[in-house]
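Structure, as structure tokens:
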Amino acid sequence: MSTKQNRIIAVANEKGGVGKTVTVINLGAALSLKGKRVLIVDMDPQFNATRGLGVDIDDEMLTVYDIIKDDKKIYADNVILKTKWKLLDLIPSHIDLAGAEVELVSEVGRENRLKEAIEDITGEYDFILLDTPPSLSLLTINVLACAKEV
């Protein structure tokens with residue numbers, strides 16, 4: 001694991017349609033064009049950031065759902081996808097992520113699943129941008145627990 005200083009930024013709002021995903025995608029693309037290594041983590045089960053970055057999701061693809069539900073059985077570096085921007089990577093989302101709310105409800109430390117899942121790769125990026133669902137949910141709480149800035 002690298003010890004590079006980075007920024008982990010959540011873009012959050014309880015309301016949908018306010019520009020969270022557009023902000024994450026455009027900020028990520030702009031930072032990558034400035035030579036910064038950027039990772040976008042799509043934590044919204046509607047997976048608009050994933051689609052917005054040109055990724056077509058299929059049911060066989062590993063996504064953020066797999067890394068937060070499996071307690072380190074699937075590592076984040078196995079889920080990262082390249083995008084059309086050279087320095088911009090993505091951990092995609094999937095509609096299955098909506099089920100994580102129910103599946104993790106009785107798990108100890110459930111609010112730290114995302115933070116623990118990506119801790120081994122955070123040093124590889126200058127910026128990690130976290131896109132949230134339009135609600136205050138367990139997924140959003142995971143993002144807020146992982147982020148250094150909101």
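Over 24 Å between C-alpha atoms is what I'm after, so list which of 84/148; 36/115; 36/73; 20/115 land there. Walk me through the numbers on the way to the answer.
Values: 84/148 27 Å; 36/115 21 Å; 36/73 29 Å; 20/115 20 Å.
84/148; 36/73, as the Cα separations exceed 24 Å there.
Please report the Cα spread of the chain along all three principal axes, rounded to whole Å, starting with the longest.
So the three principal-axis extents are 43, 36, 31 Å.
At 7 Å along Cα-to-Cβ for each site, give me the label-to-label distance between residue 82 and residue 107 in nm.
Rounded to a tenth, the inter-label distance reads 3.0 nm.
Per residue of region 51-60, what does 6.51 cos²θ - 1.76 cosθ + 1.60 with θ = phi - 60° give for ³J(HN,Hα)? Whole Hz please, x for Gly and Pro, Karplus curve as stated.
Per-residue couplings from phi come out as 5, x, 8, x, 9, 8, 8, 10, 6, 8 Hz.
Calculate how many DSSP beta bridges within the chain are antiparallel, expressed in % of all such bridges and rounded to the nearest 5. Write out the running numbers ahead of the final one.
Numbers: 2 of 17 bridges.
Around 10 percent antiparallel, to the nearest 5.
Where in region 77-150 are there trypsin sites (Lys or Arg not before Pro) that are in a DSSP coil and have at most 15 other Cβ atoms within 10 angstrom of their Cβ?
Values: sites: 82, 84, 86, 110, 113, 115, 148; in loops: 84, 86, 148.
Sites meeting the loop and neighbour criteria: 84, 86, 148.
A short reminder: the numbers here are calculations on the coordinates, not readings from a lab. This one's a predicted model, so the numbers in the text were calculated from it and none came from an experiment. Virtual Cβ from ideal backbone geometry, glycine too; neighbours counted across all protein chains shown.
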